[in-house]
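As structure tokens, the structure follows; a few thoughts come after it.
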Amino acid sequence: MNTSVPLHVVTGAFGYSGRYITRRLLAAGYRVRTLTNSPPRPGLFEHPIEVRPMTFDDPHRLTESLRGADVLYNTYWVRFEEAGVTFDQAIQNTLRLFEAARAAGVRRIVHISITNPSENSPLSYFRGKALVERALRESGLSWAILRPALLFGGDDILINNIAWCLRHLPVMAVFGDGLYRLQPVHVDDLARLAVELGQRDGSTLLHALGPETFTYRGLLQQLGEILDCPRPLIRVSPDTGAWFARLLGWFLDDVLLTRDEILGLMQGLLAVDNEPPTGRTRLTDWARQNVATLGLHYHGELSRRRIARR
């Protein structure tokens, strides 16, 4: 092992966005270590990476796992609460991670957040993200905060499962008028931006926004056309939409969409005014290139969590 090569640490390198960040770092010639409790996935990367457990309950061990790292890329979070995993727990775990990075002498943290976080938000996901951002800004560390909108590409969950619904359901529900906006960004564009921010110094906040902006109604219509399965769009209330999502999730043994996610969509929280796009990949181009596989199989969030807990 060449210890003269800078070491970068990625939380969740076997997961979704962490995998793409890791690939970018390896391609740039860095050593990579991951903190994860997921089982290793042989063959996932062209070069080997170091694997350490994510020991939030053992601060000393967590600090030692970060020792020698130049940059920490934090992708850790939870999409929804389940099986004892709460947003409050995710906040506390992230704060422990930041403190361990400070104690280990990590030079810089690149933190993956979300568009439009707010400590005053009634939505736990967005409120928790805002609290974590403030903690990082006040940590005394060099930091970069990257705020992506909805991610797509690879084995993403939300866009793929919208496509799965278009392929399998006779109609599609639109929550409210469906005119709220989204700016989906490709996961590899997010990874590129994260690695670029890791090379900088100083405090930076950057939005990760794709080059296309859709209304939710327009996104369903365009994906339906690309997949050659356009569906009638039926307007429903957020409560009705959440009930239907729970029912379909029961059949799929998964959480298809939460009420908070529906409300976040309807509040336009996955788009940002007066910010230029930083992503390069157009969702419509990517969908056409992947039309043979997009939405062909359902991607389950709960099944991924169960694998990670084994």
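Tabulated data for the structure shown
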{"quantity": "C-alpha center-to-center spacing [the stretch 1-75, the stretch 254-281] in angstrom", "calculated": "28"}
{"quantity": "Label-point separation in nm, Q92 to H168, each point 7 Å along Cα→Cβ", "calculated": "3.7"}
{"quantity": "Bridge type composition, the chain - antiparallel percent by DSSP, nearest 5", "calculated": "10"}
{"quantity": "Charged-residue dipole, Cβ positions (Lys, Arg, Asp, Glu), the stretch 154-224 about Cα centre, Debye nearest 20", "calculated": "240"}
{"quantity": "Rounded tilt (10° steps) of 187-198 against the dominant C-alpha axis of the chain", "calculated": "30"}
{"quantity": "Computed P(r) (all Cα pairs; the stretch 180-310; 5 Å bins; percent)", "calculated": "2, 9, 13, 17, 21, 19, 12, 6, 2, 1"}
{"quantity": "Relative contact order, percent, the stretch 117-214 [alpha-carbon distance under 8 Å, six or more residues apart]", "calculated": "35"}
{"quantity": "Residue order, fewest to most surrounding Cβ atoms within 10 angstrom, among S139, S237", "calculated": "S237, S139"}
{"quantity": "The chain - mean residue ellipticity at 222 nm from DSSP helices (-39,500 (n - 2.57) per run, n ≥ 4, rounded to 500)", "calculated": "-12500 deg cm²/dmol"}
{"quantity": "Protection proxy ranking of 164-173, 78-87, 149-158 - average other beta-carbon atoms within 10 Å, highest first", "calculated": "149-158, 164-173, 78-87"}
{"quantity": "Virtual spin-label span in nm between V5 and H60, 7 Å along Cα→Cβ", "calculated": "3.2"}
{"quantity": "Sites T213 and L296, calculated FRET efficiency, Cβ-Cβ separation with R0 30 Å, nearest 0.05", "calculated": "0.65"}
{"quantity": "Using alpha-carbon coordinates, inclination of helix 87-104 to the longest axis of the chain, degrees", "calculated": "30"}
{"quantity": "Sequence-separation-based contact order of the stretch 219-298, relative, with Cα cut under 8 Å and 6+ spacing, percent", "calculated": "31"}
{"quantity": "For peptides 48-61, 30-43, sequence by mean Cβ density within 10 Å, most packed first", "calculated": "30-43, 48-61"}
{"quantity": "Normalised contact order of the chain, rounded percent, pairs of Cα under 8 Å and 6 or more residues apart", "calculated": "18"}
{"quantity": "Protection proxy ranking of 117-127, 177-187, 90-100 - average other beta-carbon atoms within 10 Å, highest first", "calculated": "177-187, 90-100, 117-127"}
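A short reminder: the numbers here are calculations on the coordinates, not readings from a lab. On a predicted model such as this, the values are computed, not experimentally measured, just so you know. We place every Cβ from the backbone using ideal geometry, glycine too, and count neighbours over all the protein chains shown.
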